[in-house]
Amino acid sequence: MPILKIIAVSLVGLMLGACAETQFLMHTAKRMKKGQQSSNYKIGNPYQINGVWYRPAEDWNYDKTGIASWYGPNFDGKPTANGETFDQWQASAAHKTLPLPSIVRVTNLENGRSLVVRINDRGPYARGRIIDMSRRAAQMLGFEDKGTARVRVAILAKESRALAEQLKAGKVGKVVRADDLPAINSANLSKEPVASEPLPEIKIASASTEPVSLPATNPTSRVGELAKVPVSPTSMYIQAGAFSDLTNAERVLANLKKLGNVGISPVQSGGRELFRVRLGPISGVEEADTLLEMVSEIGYPNARTVVEKSITN
């Protein structure tokens, strides 16, 4: 009998130990999920969504304008395109082609708020959107309630390259958490500064020449950095395409005349002249979305919404 009792006590002890170990592992997993996550570097192959081809690439000069949206509740806790766990309260974003992860500065051209975020997901695939911000990032940029904003997205080349080199070398990239960012009051975000002190004023140069101060060991050190920049009134257009041959541009213009005010605007790009075919200016995002859909259906699936500084006389 004593032997049976000893065996029974031992079995109970083993079960309790296993249970405690399981609880410990679960607690550790939760703690790891809430703490640092490992980050994989990924570019990816060309892919097609809704008839549009996207070609991911390392573009250290990326600097474009367009319409930003945000995503959160339906994706919170799910894997991102590079294997991280999406956290809607983290300063992150989704982009169609930039490397994962990349560091970019997103500037709200409507209120001057400028935020540094990590690109760690693919999207958005709604036509007319250039970037999809996490809920936290949308709050910090001041457009959570509105849903969209006119923005400029410029890659921070030095940080992004350093991050790529670290991850390619097998070093773990620290994922900046919401807990690391300044506290905000979402109810007052549209009216009040995010921080208690005035936001620092900065002057943003081009993406490739912007001066930065970066610790070599931590390329993500600027993620969550929020600043205030001067902004001017902007105009919105639907760009059907940019052509090196004026004849091709004129042909597209003729096809789009029935949709409204369309014109050809020349621009220098990479040492050559391109002829952009654009409709507009357009007053609001809803109108732009409708017009973009019509241009796409006519036969220009790569048409996009662009935002530019308004020309004043």
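Worth a mention:
Conditions (1) loosely packed, with under 13 Cβ neighbours inside 10 Å; (2) among the basic types (K, R); (3) within 21 Å of the chain's Cα centre (by Cα); (4) modelled with pLDDT under 90, marked per residue:
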position: L167; (1), (2), (3), (4): no, no, yes, no
position: G173; (1), (2), (3), (4): no, no, yes, yes
position: A178; (1), (2), (3), (4): no, no, yes, yes
position: A205; (1), (2), (3), (4): yes, no, yes, yes
position: S232; (1), (2), (3), (4): yes, no, no, no
position: V252; (1), (2), (3), (4): no, no, no, no
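To keep it simple, each residue is scored yes or no on (1) touching a Phe, Trp or Tyr at 6+ places or on another chain (Cβ under 7 Å); (2) in a loop (DSSP other than H, G, I, E, B).
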{"site": "G224", "(1), (2)": "no, yes"}
{"site": "V231", "(1), (2)": "no, yes"}
{"site": "A240", "(1), (2)": "yes, no"}
{"site": "A249", "(1), (2)": "yes, no"}
{"site": "A254", "(1), (2)": "no, no"}
{"site": "E286", "(1), (2)": "no, no"}
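The values are calculated or read from the model by the stated rules, or taken from the named source; none is laboratory data. The shown structure was predicted, so the numbers you read here are calculated from the model rather than taken from an experiment. Here Cβ is always computed from backbone atoms with ideal geometry, including for glycine, and neighbour counts include all displayed protein chains.
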